[in-house]
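Single-structure report; data block below.
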Amino acid sequence: MAAPLFILSFRHRDELSRLAEGAGWQPIAARRADNAEARFVASGAAVALVDARGALDEGQEAVRAIADAAEANAAALLVLLSRNDGDALDTLHRFGATHFLVSPFTESQLVHAIQFAQRHSERVGGGVRSTRRPDEGEAASWHWQPGSRTVELSPALARKAGLGEDEGRRISLMELFRKLDPEGRRAARGAIGRVMATGEATAFAHRDADSVGTRIAHHVRVQPEGGIVGRAETIVTDETRPFGSRDPLTGLADGHAVRAWLGHQLAGEGAAGPPTGLRTGPVVMLLLSASRYDAINAAFGRATGDLVLQAVARRIERWVDPDGRSRVVARMAGAEFAVLLAAPATLGDGRFLAGELVEAVGRPFMSGDHVITLASRVGVAVSQPDDDAAGLLRRASAALAEAKTADSAPVRVLENGAESATAREDRLEVDLRRALDQDEIDIRFQPQVAMTNGEIVGAEALARWNHPLYGELGAATLFSVAARSDYLAQLSDHVQRKAIVLAAGWPERLRRLRLSVNITAADIIRPGFADQFLALVKESGFEPGRLTVEVTESGLIEDLAGAADLLAQLRAGGLRVAIDDFGTGYSSLAYLKALPLDYLKIDKRLSQDIAGSMRDRIVVRSVIDMARSLGLDVIAEGVETEEQLSLLAQEGCNLYQGFLCAPPLASADLEALIS
């Protein structure tokens, strides 16, 4: 039997159905996106084709709706785009599309694109698909031989029509037509006429007499022997779809249910609705993202990754105890989950629950023989009086994005009436001067570990700002704020001095450790900086031979010759020099040739890429080989998994730092770790 192909095309449904059928697929085609996810799952197709030509917004929403089901069932999601819509590729990729084709294209090119997508599905699914592919006998279908006065129904459609087994599965053509509403009868006659005249697949739809608000679509095609077959599909429209629509992998509510529930709540109708009465007040929304999920898929396979997601879903459910009315738990996409709390829940309730969920998800999961540990980040937002579902989702997503970029705190709460990003930046610039004057900027030390024996041999000094409103802010935020103000040089001096003075006062147990401190692009061009820095080291009493200065690639671009002179002066003073974050900027070989270096630190993205594809690993291997050929030791940043550590060690990396060992620590915590 021909393999099904799910097609959603807002402008070219019949044309694509004809092409697909001619190429050997059984098209399950639609013009409307109503209930697209459930319709795709019911089709059993290995490929969903979304035609966004001339309907980009509708196509993007359709991709977003189908993506989770496609991922859960190891299916491919192919999008057709108009020539001028290439800018939408990033969005479509983020929403979950796996393949694309930009018009103009030939029929042959489209067929090949579908074949490539189908091959992708077969490989990802390992030859086994979780959705059972229905055949004509299982599906709600009918068969009519032109000239005959009767129509043969499948058992499923016979039951739907109210025919018992003893009555047989044949019904007169006139009786069948009488079961349709007048508009449905006209649509059916038109579709039958088209398919008989052209031989091309088509479709028609009518209201379901047994279910208010539901429509039934019939996908009609001609068989080789001349008979006409229709496959019936139930469609629940957006207006009547219940809040209970489900994610096919975890069984939680899905993204559509979240939007429907929010729309219902924010319209003032209340989740409970009649007869239990209305709930008024703000809605609290939590968005939780489980990190390292991609690494788990890569290390253990998709089946294990799916089991872990299901375990995360069950763990969140146990903490939230959803009832579908005042509390909802949903899977939005990938490893991202939503928790919705209706009034009388408060922002404080959301903040507390977010912390509980981070702790719960952080406890190990068992999957077969594997012990798997996840981390998570949570964004929390509360609705405002003029909010709609999209507005609250946007702010919860913004809070989650900030939580992901924060170096420490895993929860970011966006307060009611939260200030804009620009206002926040302006406030931070004003507050930075006070923070420098009042010594609010602290230093943390992230251990650097020898690959060969796991010994902690050094630590990198990293700035932390404990802001009274925004909580702990990392070095990236701190120096970004300083770069927009006039305080970059003062901040750099403050951090360098405080780090070196703290390290000079370390207890005996830490006195063998090396210390790494960062210098900025502004430091490189400051007159007399080398003399000033060496004087600071001498004044502190810290041994110069244990100190490494790190400079990022971006700090070298403007004046490579000046940077070489400065670093040479620092080395002459007994210090060692490292180029930091190598692999994210320009990564110019001129740096390695011209600069007096002792270490090369590869950026955390490269460290994490080594556990990706073979192509990624070859790139990382080339960087390490090049550094070692130049006599440089290699430090890997951002190492989070044992797999990354093992692969980096195999490629010849000397040292590493990252959350696999420890986050940045206060001096006392660093001493306790070494003890």
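Values for this structure:
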read-out	value
Number of positions in the stretch 447-469 that are surrounded by fewer than 18 Cβ atoms within 10 Å (Cβ to Cβ) and either under 27 Å from the mean Cα position of the chain (by Cα) or among the charged types (D, E, K, R) (or both)	1
Matching option when the condition is out of contact with any Asp or Glu (no Cβ under 8 Å at 6 or more places or on another chain), small (Gly, Ala, Ser) and closer than 24 Å to ASP439 by Cα, among ALA530, ALA504, ALA568, ALA563	ALA504
Count - residues of the stretch 318-350 that are part of a helix (DSSP H, G or I), touching a residue at least 40 places away in the same chain (Cβ under 8 Å) and surrounded by 17 or more Cβ atoms within 10 Å (Cβ to Cβ)	2
Residue in the stretch 580-596 that is at pLDDT 90 or above and part of a strand (DSSP E or B) present	no
Boolean, ALA260 is among the small types (Gly, Ala, Ser), at pLDDT 80 or above, outside any strand (DSSP E or B) and under 30 Å from VAL308 (Cβ atoms)	yes
Filter pass, LEU347 being in the same structural domain as LEU266 (by TED's automatic domain parsing) and more than 20 Å from the chain's Cα centre (by Cα)	yes
Matching residues, the stretch 490-537, being within 18 Å of GLU671 (Cβ to Cβ) and part of a loop (DSSP other than H, G, I, E, B)	GLY505, TRP506, PRO507, ARG511, ARG512, LEU513
Any hit, the stretch 44-65, residues being within 23 Å of ARG221 (Cβ to Cβ), surrounded by fewer than 24 Cβ atoms within 10 Å (Cβ to Cβ) and not basic (Lys, Arg)	yes
Test: residue in the stretch 513-528 that is exposed (fewer than 15 other Cβ atoms within 10 Å of the Cβ), at negative phi, touching a Lys or Arg at 6+ places or on another chain (Cβ under 9 Å) and polar (S, T, N, Q)	no
Residue that is farthest from GLU58 (Cα to Cα) [pool: residues in the stretch 80-114 that are under 25 Å from the mean Cα position of the chain (by Cα) and of a type in the set (Phe, Trp, Tyr)]	PHE100
Options ALA23, ALA74; residue that is under 15 Å from GLN118 (Cβ atoms), buried (at least 20 other Cβ atoms within 10 Å of the Cβ) and of a type outside the set (Lys, Arg)	ALA74
Sole residue being among the aliphatic types (A, V, I, L, M), in the same structural domain as VAL634 (by TED's automatic domain parsing) and over 16 Å from ALA463 (Cα atoms), chosen from ALA522, ALA489, ALA483	ALA522
Listing of helices (runs of 4 or more DSSP H) fully contained in the stretch 11-114 that carry 3 or more residues being under 30 Å from GLY251 (Cα atoms) and not assigned by TED's automatic domain parsing to the domain that holds THR198	36-43, 56-72, 89-95
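Okay, residues lined up against (1) buried (at least 23 other Cβ atoms within 10 Å of the Cβ); (2) more than 22 Å from the chain's Cα centre (by Cα); (3) in a helix (DSSP H, G or I):
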position	(1), (2), (3)
VAL620	yes, yes, yes
ALA627	yes, yes, yes
GLU643	no, no, yes
SER646	no, yes, yes
GLY652	no, yes, no
GLY658	no, no, no
CYS661	no, yes, no
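The values are calculated or read from the model by the stated rules, or taken from the named source; none is laboratory data. Because the structure is predicted, anything quoted here is derived from the model rather than measured. FYI the Cβ positions are ideal-geometry reconstructions off the backbone, even for glycines, and counts take in every protein chain you see.
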